[in-house]
Structures are given as C-alpha cells and as structure tokens.
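All remarks here apply to the structure that follows.
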Amino acid sequence: MGNKVKSIGLIGLGMVAGVAVSLQFSAIAQKVTGSPLPLEELRQLSDVFGLIKTDYVENVDDKKLLTEAISGMVSSLDPHSVYLDKKAFREMRETVAGKFVGIGIEVGMEDGYIKVVSPIEDSPAFKAGVKTGDLITRIDGTPVKGLSLDESVKKMRGEPHSKVTITISRKDEDKPVILSILREEIRVQSVKAKIVEPGYAWLRISQFQEPTVEDMARKITALYAQDPHIKGLVLDLRNDPGGVVPGAIGVSSAFLPKDSVIVSTNGQLLDSKQTFYGRSEFYAVRGKGDPLAKLPAALKDVPMVVLVNAGSASASEIVAGALQDYKRATIMGTQTFGKGSVQTLRQLTADTAVKLTTARYYTPHNRSIQARGIVPDLMVDETADGDGLNSLRLRESDLQKHLNNDKDPAGDGAVQKALSAQRDELEDEQRLASAAKKAKPVEFGSKDDFQLAQAINHFKGLPVKLSKVEATPAPGGDVGEIKSDSKAEKSVDKGAAKPAVKPDVKPKAGDKKPALKQPLTQ
C-alpha cells in the first residue's frame, strides 16, 4: 500500500507540474511559492505526463489523469492531507453537519459480516425492524463477506428515497430476513448521556460535529434536571476520531473557567497562528447565541473523569489535553492516537476541495500531542482481563510520512519504538486469547463497561484496577505520569477484541467556521 501511494504521488506530481508548464507558471503560483520554480525538474515531469499520454498501453482520459495528479500530490504530503472529489466533498459536508443519507444504523464487523450495533431511533432501519445484533450478510444481493467495513457502509448510502435491500441473519430466525428500506436523511446523535447510578453521570461524545456543543448542553441540562446533586461526571471520548475544532473548544469550555486558553495552533500562514479561548465566539454557531450560557453553575466544579483510548484522536485529544493541563479532570484509559495536526479546507470548485495540513496544535501548557498522544493519569485497560486488540491499534506514530513532534523531534522515534515494543510483547498473548474465546464487544456506558466502572470507583475512593502496560512517558516525565489518589491494583493483560463501531457513513474530517477562519481536524 505504501509503495502504491508513493507511486501515485510521484506520477501525480509530474502531471500537475506538466500542467503548470503548459500554463506558463501563473503569477499566483509564483507568489505562493515565494521562490523561483524549478524549471528543469518541471520540464522532466511534464515529459512524464506526455509519455503517459503517448506510450501507456491504454488511452487515459485527461480529466482522470489530472484529478489523480492532484490527489497523489496532496496525499504524498502526510497521512491527513487529501483531495476531495465531488462525492468525498459531499460526504464530508454531510458528516460535519451531523447528517447523511442512509438507513440509520451503527455497525461493526463480526466474522466478516456487518453486525448491527444499534439502529438509530426513528430511522428507516429502526422502523423496518432492524435489531441490535443482526448480521447483515448481503446488500442489494452482493455478499458482504470479503468487503471492508467502509465498502459496506458506502453500499448502504445513496440518494434520498432510493431503495436498498439488506439480507439479515438473526439468531431467533430460521431463515434469512430480507428487508427493503428507503434511504432518508439521518441526523447523527454524537452525544449520549445518562445517570449511571444516583449521583454519577455518564456523558459520551462519539464525534465532534457542528451540533455537538448544543446537543451536549441539552444532555447536561437534562442530567441535572434528573439529578441536581451529581457528585461525579464521566466524559467518555473513547473511539472519538475528532471532528470540528469549535466543537472541541465548546466542550472544553463547558467545564473550564471563562476565557481559559483551550488550544493554540501554529503553521506557516498568519491565520494558522492562533489561540482559541473559552468564549462563545470560538464555538457558537453564528446567530444562535451561546449554547453554554444556561448550564448549571455546578458543572464548573463537579469532579470529572475523562475516558480515552487509542481510538481517541484529534479534537478529542484537544479536550483531554485542556482538561488535563488545568487539572480539571482525571484522564483515565489508554494512550490516545496522537494526531496533533490541523487540517484546513480549501475549496477549489463548487464541488471539490483540498483538505490540507496547515498547522500543529498545542495544549494550554504548550504541549504538542503530535505522534505522541495524551498519556492518561490512570492507565486502565478496556476489560478486567486486559486491553484486547485496542493495544495493537495503529497510532499516528505508525503512519508513513506522519509529522514529527516539533517540541521533541527525537522523542517521536522513542514513542514509536516503545509503543511497537509493547505491541510485540502482547501480540502472541492477544492472538491466543482471541482464538480461545469469542469476545463480546464492549458496549460503552453499559453495566459491563469495565473502564466506566473504574471511573465510578475513582470517584468513590475505591480501588482502581490499573493496566499492566505502562504508558510511553512524555519528555522529562513531568506530564502524564501515572498517578492515583485512590487505591490501585495491577491487572493481567489478556485482552479481548472490540470491533470498530461506525454509523452507516464513514466518519470524515470536520469543517472550519468561515467567519473565524477556524481550522478543522480529523
């Protein structure tokens, strides 16, 4: 895959350069680069473009070549810069807005099939009778086995009011269940909340979208209406891949003093050198007022635990980093993904855009999370038996061409080496454990949620079962050290796997707020 991407990138660069030569190097290009363009190299690359047109085994459409050229050039920069064609751009905008066209189910993979984690309430799938635990074996007659989760998700998407037929295997049914469902626009609920037990609340954010701050405010208000004397709040950011920066700023601001620094960014452009504060102009949707204005005053002081894991990335790391820097919350779980870069959307046409890495972001105490992540205050595995395949997940530091950590470039390699060593040590044991028994996926927020139970124990001063695996320390060892003001136990890491959970749309990166020129993260 790496070689394939590299090849596409090289060819793409040549094609774009060829176009630049044919356009006689526009004044805009000269102005942007700030230095003379390398004419000799550009001519060589232009020759490659010509060779493809004349010598390649088949005729290649110019438009296709140029589109792939742009895509290859951008994707060769880093893992998060990408060219968005018409379809990808539309899907990204839908996801940022918290809406998409589909049937309305959260899904994961199990034994090569699509497992329904949960139908979204009042969605077409919910009304058609799709149930939690159903296995989707065919989509429009196409077998699901052999398809990736993303490929299956795309097949369930489509135009409004178009029909999709799914074949379901259900435990209590002798024959396959075949359902024809009309696709509709689905509103994704990125925030969930409930009272776990009297005095203790759970607030989950699965992705940062444009409506997230408003949705969170409504959920918190409802929690305090149900129990005005909340003694502990768990903010669950596990498997949250990120999203829009204003969402992360708003969520952080809800728990921190007004005007607190939430995150800062730094890049080449002047507008990438910014500091974002806990004020409504940095997170509120224009014209709608401050969604946090009427939150209970007790929210600023309620004891907090933030749950994170290797799937917590980008915007969720902004939140965890801010709350950790101000010692507002205890961060619990496993080391996060480590995506500390900002992507900005640059629209090319009405239907296409480039999502380009334009800056790194920093926590209030000027920590760079890039390629390192947030180290929890309390390392706690996903289950009582270990962290499962969560410990074997790829992280930012594993990705080819990832940006280094500019605050500690040498430490970037040390982090990657340490994480790889941890995975190597656990790999054989994990495979044996996974083969020995079929693990039941952890349902976040359920009575079987081990990490949530440990968070409640922490609030109560009861023993917290800590992970066997140590975190990779931050430079100097003064940030993210393992600490606990509760009694701690060590756990045996024999882990069980938890499949990725997705709605029937692949999560994309967020959008920026044009009025503030705010960046987006993925």
- Task: Restrict the check to the stretch 307-314 and report whether at least one residue is at pLDDT below 95, of a type outside the set (Lys, Arg) and under 22 Å from GLN274 (Cβ atoms).
- Result: yes
- Note on the structure: Those residues of the stretch 352-387 that are open to solvent by 30 Å² or more (accessible area, probe 1.4 Å), of a type in the set (A, V, I, L, M) and under 19 Å from the mean Cα position of the chain (by Cα) come to a total of 1
- Check on ASP227, modelled with pLDDT of 95 or more, among the acidic types (Asp, Glu) and under 25 Å from the mean Cα position of the chain (by Cα): no
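Among the strands (runs of 3 or more DSSP E) lying completely within the stretch 53-172, list those that include at least 3 residues that are of a type in the set (A, V, I, L, M).
On the way: elements: 82-84, 99-102, 105-110, 113-119, 135-139, 163-169.
Passing ranges, in order: 105-110, 113-119, 135-139, 163-169.
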- Query: So GLY232 clears everything in (1) out of contact with any helix residue (DSSP H, G or I) (no Cβ under 6 Å at 6 or more places or on another chain); (2) modelled with pLDDT of 95 or more; (3) of a type outside the set (Val, Ile, Thr) except one condition, right? Which one?
  - Reply: (1)
- Message: I'm trying to understand the selection: among the residues of the stretch 205-218, which are closer than 11 Å to VAL251 by Cα and of a type in the set (D, E, K, R)?
- Response: GLU214, ASP215
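Of the residues ASN390, ASN404, only one is surrounded by fewer than 20 Cβ atoms within 10 Å (Cβ to Cβ) and modelled with pLDDT of 65 or more; which? Please lay out each step first, then the result.
On the way: ASN390 fails: surrounded by fewer than 20 Cβ atoms within 10 Å (Cβ to Cβ).
After ruling out the rest, the residue left standing is ASN404.
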- Item | Residues located in the stretch 178-199, provided they are surrounded by fewer than 20 Cβ atoms within 10 Å (Cβ to Cβ), under 15 Å from ARG218 (Cβ atoms) and not charged (D, E, K, R) | GLN189
- Message: For the stretch 110-130: of the residues being open to solvent by 50 Å² or more (accessible area, probe 1.4 Å) and out of contact with any strand residue (DSSP E or B) (no Cβ under 7 Å at 6 or more places or on another chain), which is farthest from SER162 (Cα to Cα)?
- Response: ASP111
- Query: Out of all the residues in the stretch 42-52, which are of a type outside the set (Gly, Ala, Ser) and over 38 Å from the mean Cα position of the chain (by Cα)?
  - Reply: ARG43, GLN44, ASP47, LEU51
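Just need a number here: residues in the stretch 77-93 that are over 13 Å from THR352 (Cα atoms), open to solvent by 40 Å² or more (accessible area, probe 1.4 Å) and not aliphatic (A, V, I, L, M).
Residues meeting the conditions: 1.
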- Message: List pairs: first residue in the stretch 343-364 and among the small types (Gly, Ala, Ser), second residue surrounded by fewer than 19 Cβ atoms within 10 Å (Cβ to Cβ) and assigned to a strand (DSSP E or B) anywhere in the structure, Cβ distance under 8 angstrom, at least six positions apart or on different chains.
- Response: ALA353/ARG346; ALA353/GLN347; ALA359/ASN266
- Task: Could you please give the count of residues in the stretch 36-59 that are hydroxyl-bearing (Ser, Thr, Tyr) and open to solvent by less than 100 Å² (accessible area, probe 1.4 Å)?
- Result: 1
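If I ask for residues that are touching a Leu at 6+ places or on another chain (Cβ under 6 Å) and open to solvent by 50 Å² or more (accessible area, probe 1.4 Å), which ones from the stretch 138-177 would you list?
Within the stretch 138-177, the subset touching a Leu at 6+ places or on another chain (Cβ under 6 Å) is 161, 163, 166, 169.
Within the stretch 138-177, HIS161, LYS163, SER169 meet the criteria.
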- Task: Would you mind telling me which numbered condition in (1) under 23 Å from LYS99 (Cβ atoms); (2) at pLDDT below 95; (3) not in a helix (DSSP H, G or I) LEU203 fails?
- Result: (2)
- Residue list for the stretch 200-226, restricted to those being hydrophobic (A, V, I, L, M, F, W, C) and crowded, with 20+ Cβ neighbours inside 10 Å: ALA201, TRP202, LEU203, ILE205, PHE208, VAL213, MET216, ALA217, ILE220, LEU223
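The values are calculated or read from the model by the stated rules, or taken from the named source; none is laboratory data. Just so it is clear, the structure is predicted and the values come from calculations on it, not from any experiment. Note that each Cβ is placed from the backbone with ideal geometry, even for glycine, and that neighbours are counted across all protein chains shown. Side chains are part of the model used for accessible areas, which takes the heavy atoms of the whole protein and leaves out ligands, DNA and RNA. Shrake-Rupley method; radii C 1.70, N 1.55, O 1.52, S 1.80 Å.
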